[in-house]
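Below you'll find the structure, written out as structure tokens, and then a few comments.
The values are calculated or read from the model by the stated rules, or taken from the named source; none is laboratory data. Everything numeric in this text was worked out from a predicted model, so none of it was measured. Cβ sites come from the backbone with ideal geometry, for glycine too, and all protein chains shown count toward neighbours.
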Amino acid sequence: MSITNLKRRNWTVLGVVAVFAAVAAVLTSRDSTARATASPVPQPALPAMAAMKNPSLFVTGVPAFLTRLPADMVPTAGSIRKVADRVGRSGITMYIWQVGVTNTICLASPTVGAGCLDAFRRPFDVSITDVDIVGEGDAVVVSGPVTDEVVDIEVTVGGQVGHATIANNFAYYELADATLHPDAVEKVVARLRDGTRFDLGV
Amino acid sequence: MNPKHLLVRAAALAAVVVALSATAASATIQTYFGPAWTQQYGVRYDSGGYNYPNWNRAYRPLWYYETIHYWDGCCTSWGFKRNYDENPIVWPNPGGYAWSTCMYSDGDIQGSLDDVTCQFDA
């Protein structure tokens, strides 16, 4: 193969790569609200939340409610932070603690349930809960921990968009109509600091 | 008795006591959807009877949409939690005499749904 042919082939390869790059750039720039069901790289939960570095959120002892968790989940005194204190119409209280020396957190609330999270696969660890009879009493709640990148959570119910309250890396939104069931939540979108809109795919 | 034998017997006795204590401590934990099962879309797995559960818990090997709640065996659900990412997810406040339930309900499956374990403590 002559040097001229080799150069021509190299230019051809470069051209193909450039076309692919241009197509990819167009596709990715078309919609910043691309449906994303998981973060490309899961973020370890603990360092993703500034609230978990805030010493003023620590509570003394172990609140009685937390002692009723499965025995292997009960946190130790001195490790528990209260990130929400009787907020909203249904009075949501949320505790979060680090599991041992890992980046895993556990969270528990008397009204929106409990769980453990090793990493954020999406910026909002969204739970949809109803503390009492579904469709009666207290309304359905959309809530959970968020990463530091989250600046807004949009919840769509009946075509109307509402905004969650966010404080101490904890977001919550209560449906206005307590007769609605969890399936009434049509869409949940997290808006990030860089302008990205992340559809939670609910 | 040979002191060495005495020591061995004491150690054995201690092991039995520890084992019995552990059994007693976990005796109330019921697994109603075992690790050898495969969870089906939209199928409700439940405790198979009424209890006064203290909590309801679901472990899943992978990330997908899981729901745990309680129901009256007929018509009404309560103590409802649906989540994608937590493992386990727990509902610690059942509110009374109920069936514990655990269900894959929606969302994007990432791999196998094997090895889900649902538990309650009553």
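Please state which of the following conditions A:A139 fails to meet, knowing it meets all the rest: (1) touching a Leu at 6+ places or on another chain (Cβ under 7 Å); (2) closer than 26 Å to A:A50 by Cα.
A:A139 satisfies all of (1) touching a Leu at 6+ places or on another chain (Cβ under 7 Å); (2) closer than 26 Å to A:A50 by Cα except (2).
Considering only the stretch A:152-161, I want to know if a residue exists there that is assigned to a loop (DSSP other than H, G, I, E, B) and among the polar types (S, T, N, Q). I'd like the intermediate steps shown before the answer.
Within the stretch A:152-161, the subset assigned to a loop (DSSP other than H, G, I, E, B) is A:158-159.
From what is left, the residues that are among the polar types (S, T, N, Q) are none.
No, the stretch A:152-161 contains no residue that is assigned to a loop (DSSP other than H, G, I, E, B) and among the polar types (S, T, N, Q).
Restricting the stretch B:45-59 to residues that are more than 10 Å from every other protein chain (Cβ to nearest Cβ) and crowded, with 22+ Cβ neighbours inside 10 Å, which is farthest from A:T67 (Cα to Cα)?
Checked the stretch B:45-59; the qualifying residue farthest from A:T67 (Cα to Cα) is B:S47.
In this structure, does A:G137 turn out to be surrounded by fewer than 23 Cβ atoms within 10 Å (Cβ to Cβ) and either acidic (D, E) or over 26 Å from B:Y59 (Cα atoms) (or both)?
Numbers: surrounded by fewer than 23 Cβ atoms within 10 Å (Cβ to Cβ): yes; either acidic (D, E) or over 26 Å from B:Y59 (Cα atoms) (or both): yes.
The answer is yes for A:G137.
Give, as residue ranges, the strands (runs of 3 or more DSSP E) completely inside the stretch A:163-202 that count at least 2 residues that are touching a Leu at 6+ places or on another chain (Cβ under 7 Å) and surrounded by fewer than 16 Cβ atoms within 10 Å (Cβ to Cβ).
On the way: elements: A:165-167, A:170-174, A:185-192, A:197-199.
In the stretch A:163-202, no matching strands (runs of 3 or more DSSP E) lie anywhere.
If you go through the stretch A:44-53 one residue at a time, do you hit one that is closer than 24 Å to B:D121 by Cβ and not acidic (D, E)?
Looking only at the stretch A:44-53, we keep the residues that are closer than 24 Å to B:D121 by Cβ, and these are none.
So far as the stretch A:44-53 goes, no, none of its residues is closer than 24 Å to B:D121 by Cβ and not acidic (D, E).
Any residue at all in the stretch A:103-113 that's at positive phi and assigned to a strand (DSSP E or B)? Explain how you work it out, then say what you get.
Start the filter on the stretch A:103-113 by keeping residues that are at positive phi, which leaves A:113.
Filter once more, so that each one left must be assigned to a strand (DSSP E or B): A:113.
Within the stretch A:103-113, one or more residues are at positive phi and assigned to a strand (DSSP E or B).
Give me the pairs: first residue in the stretch A:127-145 and at positive phi, second residue assigned to a loop (DSSP other than H, G, I, E, B), beta-carbon distance under 7 Å, and six or more apart or on different chains, which are they?
A:G135/A:T179; A:G135/A:H181; A:G137/A:A178; A:G144/A:D125; A:G144/A:V126
Quick check, is A:Q160 surrounded by fewer than 21 Cβ atoms within 10 Å (Cβ to Cβ), polar (S, T, N, Q), more than 9 Å from chain B (Cβ to nearest Cβ) and in contact (Cβ under 8 Å) with a residue 12 or more places away in the chain?
Details: surrounded by fewer than 21 Cβ atoms within 10 Å (Cβ to Cβ): yes; polar (S, T, N, Q): yes; more than 9 Å from chain B (Cβ to nearest Cβ): yes; in contact (Cβ under 8 Å) with a residue 12 or more places away in the chain: no.
So A:Q160 fails the test.
Among the residues of the stretch B:71-102, which ones are outside any loop (DSSP other than H, G, I, E, B) and more than 10 Å from chain A (Cβ to nearest Cβ)?
Matches in the stretch B:71-102: B:A98, B:W99, B:S100, B:T101, B:C102.
Can you find a residue in the stretch A:131-140 that is under 17 Å from the mean Cα position of the chain (by Cα), within 10 Å of chain B (Cβ to nearest Cβ), under 17 Å from B:E66 (Cα atoms) and not in a loop (DSSP other than H, G, I, E, B)? Break it down stepwise before answering.
Of all residues in the stretch A:131-140, those under 17 Å from the mean Cα position of the chain (by Cα) come to none.
No; the residues of the stretch A:131-140 include none that is under 17 Å from the mean Cα position of the chain (by Cα), within 10 Å of chain B (Cβ to nearest Cβ), under 17 Å from B:E66 (Cα atoms) and not in a loop (DSSP other than H, G, I, E, B).
If you take the residues in the stretch B:94-118 that are surrounded by fewer than 22 Cβ atoms within 10 Å (Cβ to Cβ) and of a type in the set (S, T, N, Q), which one is modelled with the lowest pLDDT?
B:Q110
A:R191 is checked against (1) of a type outside the set (A, V, I, L, M, F, W, C); (2) under 14 Å from the mean Cα position of the chain (by Cα); (3) under 17 Å from A:T111 (Cα atoms) and fails just one. What number does that condition carry?
(3)
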